[in-house]
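What follows is a set of notes on a single structure, which appears directly below.
The values are calculated or read from the model by the stated rules, or taken from the named source; none is laboratory data. Note that this is a predicted model, so its numbers are computed, not measured. Don't worry about glycine lacking a Cβ; one is built from the backbone with ideal geometry, like all the others, and counts go over all protein chains shown. Accessible surface is based on the protein model in full, side chains and every heavy atom, while ligands, DNA and RNA are left aside. Shrake-Rupley method; radii C 1.70, N 1.55, O 1.52, S 1.80 Å.
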Amino acid sequence: MSPIRSVTITALASALVATTLTGCQFGAAEQDTSPIVIAADLELSGPAAPVGKAYQRALELKVEQLNSSGALGGRTIELKVKDNRSDASESLRNIDDFSSDSRVSAIIMGGCNECAIGAVKTINDKKIPTIALAAASAIANPVAERRYVFKLAPNAADSAAALTTEMRRRGIRKAAVLYADDSYGQEGLTALGSEFEKADIRLVGSEKVRTTVTDVNEPVGTLTAGKPQALVVWTPPEQAMLAATAAQSAGFKGSLFFDAAAAGDLFLGASSRSTDNATLIFTQTMVIDDVIATTPAKAARRQWFQDYTARFGGYHGFSSFAADAVQLIADAELRAGGPAGKVNRDGLRDVLETSQMDGLSGPIRMTPDNHSGLMPQALTTLVARGGRWRLAG
């Protein structure tokens, strides 16, 4: 690049001073450079720690990207993270602390269903906008009683419908279900029962397991003894992999189907043999390197996949939900307005309630009647091949 002569620098400096003086003279608004403080309540220890740590990595990467992009108009995001130890009582204490901090604009909660449901009253009483990454519908419904609560994870009804459609396509008529003994697991069993009835698929057995259990051989053995054509696993990722191994040990010859909640790492590692040809309902983000980037949204998802993989050496399916939550809050903060340097939680909530974007997870649409933003179209069918998840078909 050619050198800039000193006379040019002087002229530019003079113009800048003149512009600044003119702006001050006519009362131009001062640029807001205050930080956007986002708090995160995550499961960084305890049984849900693997997913919680994936959320933390995603949040930190997304915040770093936004801060360096210049898209925040001179502002930066400050992330405050607390470990809830996979315990609803500890989570509630964190939420209370965050909401009492006047600098915090909004909260992101992790994947613990009971934590998010248990915090609903406090969130609404404190009037602090919160996006939960957990899946239970009771987190965001009924909306009238959860005005400050939103969620991004897949909905049980959508996941059950997609699973059943694939099972019907493959001619399955008998299925058994292993489900987590929590609100989302119960919801999943109900949703599957409804979808199975419409598709003429017979539920030949169901067993529930506590989310803290690390040995699922007995319930899986009970279910596979009935010789179902399919075993649906509706549990967190670690339990889903244990269930796949248990089914293989029990000599199960049918098909394995995983709900979206079972999505974890892209590469299946030690579970690759037991999960081979298993079906998973999830978003395209998990396999975006298999998808041709024909739209800006798909190109952004591919870039996110590559950035996350390059930074952390692998990919976790749920990372995209955390990143989308940061983007939603940042966008809402910029649109909410208010005095410079002052947190406008009510304004941010109002903007979140009408937010729409083609996120890293897929299309997201919030409305005053629906605070669960992930659209059914975001879900697709994946299959395990060669030790990793691939796009089906």
Counting only protein heavy atoms, what percent of the accessible surface of the chain is carbon or sulfur at a 1.4 Å probe? 51
Backbone HN-Hα couplings from phi across the stretch 120-129 [Karplus 6.51/-1.76/1.60, Hz, Gly and Pro as x]: 3, 4, 4, 4, 6, 5, 7, 6, 10, x
Using a cut-off of 18 Å between alpha-carbon atoms, which aspartates and glutamates can reach LYS82, once sequence neighbours fewer than 8 places away in the same chain are excluded? ASP41, GLU43, GLU60, GLU90, ASP96, ASP97, ASP101, GLU114
How about LYS198: which lysines have a C-alpha closer than 21 Å to its C-alpha, ignoring those fewer than 8 places off in the same chain? LYS174
Label point distance in nm, THR190-SER102, each placed 7 Å from Cα along Cα→Cβ: 4.2
Can you compute the helix-only [θ] at 222 nm over the chain? Use -39500 (n - 2.57) per DSSP H run of at least 4 residues, normalise by all residues, nearest 500 deg cm²/dmol. -14000 deg cm²/dmol
Order GLU195, GLU64, most accessible first, counting only protein heavy atoms with a 1.4 angstrom probe. GLU64, GLU195
Probe 1.4 Å, heavy atoms of protein chains only: per residue, the accessible area of the chain in Å² is 44
What is the distance in Å between the Cα centres of the stretch 119-138 and the stretch 270-308? 29
So which of LYS53/LYS127; LYS53/LYS151; LYS227/LYS298; LYS151/LYS253; LYS127/LYS298; LYS62/LYS208 end up more than 29 Å apart by C-alpha? LYS227/LYS298; LYS151/LYS253; LYS127/LYS298; LYS62/LYS208
Show log10 I(q)/I(0) for the stretch 139-287 at q = 0.17, 0.18 Å⁻¹, two decimals, from a solvent-free Debye sum over equal Cα scatterers. -0.93, -1.04
What order do ARG103, ARG390 take when sorted by accessible area (1.4 Å probe), most exposed first? ARG103, ARG390
Rounded to the angstrom and largest first, Cα extents along the principal axes for the stretch 51-91 equal 38, 17, 8
How large is the charge dipole for the chain, taken about the Cα centre, if only the Cβ atoms of Lys, Arg (+1) and Asp, Glu (-1) carry charge, to the nearest 20 debye? 860
Roughly what % antiparallel, to the nearest 5, for the DSSP beta bridges in the chain? 30
Can you classify the stretch 137-220 as rounded, prolate or oblate using the Cα gyration tensor, where a ≥ b ≥ c are the square roots of its eigenvalues, rounded means a/c under 1.5, and otherwise it's prolate if a/b beats b/c and oblate if not? oblate
Rounded to 0.05, the calculated FRET efficiency for the beta carbons of ALA299 and THR76 at R₀ = 30 Å is 0.75
Please find, in a Gaussian network model of the chain (springs between Cα atoms separated by less than 10 Å), the residue of ILE292, ILE281, ILE329 whose mean-square fluctuation is greatest. ILE292
Would you kindly work out the equivalent ellipsoid of the chain from its C-alpha gyration tensor and give its semi-axes, the square roots of five times the eigenvalues, largest first in whole Å? 44, 23, 18
Given Cβ charges of +1 for Lys and Arg and -1 for Asp and Glu, the option among PHE312, VAL326, GLY46 whose Cα lies farthest towards the positive end of the dipole of the chain is PHE312
Could you give the radius of gyration (one decimal) and Dmax (whole number) of the Cα atoms in the stretch 337-393, in Å? 17.5, 55
State, in angstrom, two size descriptors of the stretch 251-393 derived from its alpha carbons: Rg to one decimal place and Dmax to the nearest whole number. 17.7, 65
